[in-house]
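For reference, the structure is listed below as structure tokens.
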């Protein structure tokens, strides 16, 4: 797919985000994802309990927020090339990230996102979906077993 088509169909600047989903996740999947992003990317993690920023995701703090041990939520910003992937740790059963489509200015940016999706898919051995914001049925791109599929 060429850049102009991608910009129009996937990264159009309509004021909404694009979501990245991995469905039916477990605590182990989240642990693996945390290890992947902490090891491969620049990370800014805001610990909602201590209200401090850190340079790595504290998975134990994320788990504690899911189990109710702490009340404050946390979030992370993962830098992938020239853009950022956001994670808010909503629920353990679904890994959800989001991106701002206006951050994508070139085919290189797109390729870096595809590398991120493929890395997550390979590391978790699960399908990764790129969708319209809050619309899990509106899948634009799927990554699975090293393959990228455009819908």
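Exactly one residue out of 13, 96 is in contact with a strand residue (DSSP E or B) (Cβ under 6 Å, 6 or more places away or on another chain), in contact (Cβ under 8 Å) with a residue 12 or more places away in the chain and within 21 Å of residue 133 (Cα to Cα), and it is 96. If you check 122, 111 for being surrounded by fewer than 17 Cβ atoms within 10 Å (Cβ to Cβ) and touching a residue at least 12 places away in the same chain (Cβ under 8 Å), only one passes: 122.
Of the strands (runs of 3 or more DSSP E) that lie entirely inside the stretch 1-107, those containing 3 or more residues that are modelled with pLDDT of 95 or more and within 17 Å of residue 126 (Cβ to Cβ) span 18-23, 94-99.
Could you list all residues from the stretch 24-48 that are surrounded by fewer than 14 Cβ atoms within 10 Å (Cβ to Cβ) and under 17 Å from residue 142 (Cβ atoms)? Residue satisfying the conditions is 24 alone.
Do we have residue 54 as free of Cβ contacts under 8 Å to residues at least 12 places away in the same chain, in contact with a strand residue (DSSP E or B) (Cβ under 8 Å, 6 or more places away or on another chain) and surrounded by 13 or more Cβ atoms within 10 Å (Cβ to Cβ) here? Here the answer is yes, as residue 54 does meet what is asked. Restricting attention to the stretch 125-138, the residues being in a loop (DSSP other than H, G, I, E, B) and surrounded by 15 or more Cβ atoms within 10 Å (Cβ to Cβ) number 2. Residue 72 satisfies every condition listed in (1) surrounded by fewer than 16 Cβ atoms within 10 Å (Cβ to Cβ); (2) under 20 Å from residue 10 (Cα atoms); (3) out of contact with any strand residue (DSSP E or B) (no Cβ under 7 Å at 6 or more places or on another chain) except (2).
The values are calculated or read from the model by the stated rules, or taken from the named source; none is laboratory data. Here the structure is a predicted model, which is why all the values come from computation and not from measurement. Cβ atoms come from the backbone with ideal geometry, glycine included; neighbour counts cover every protein chain shown.
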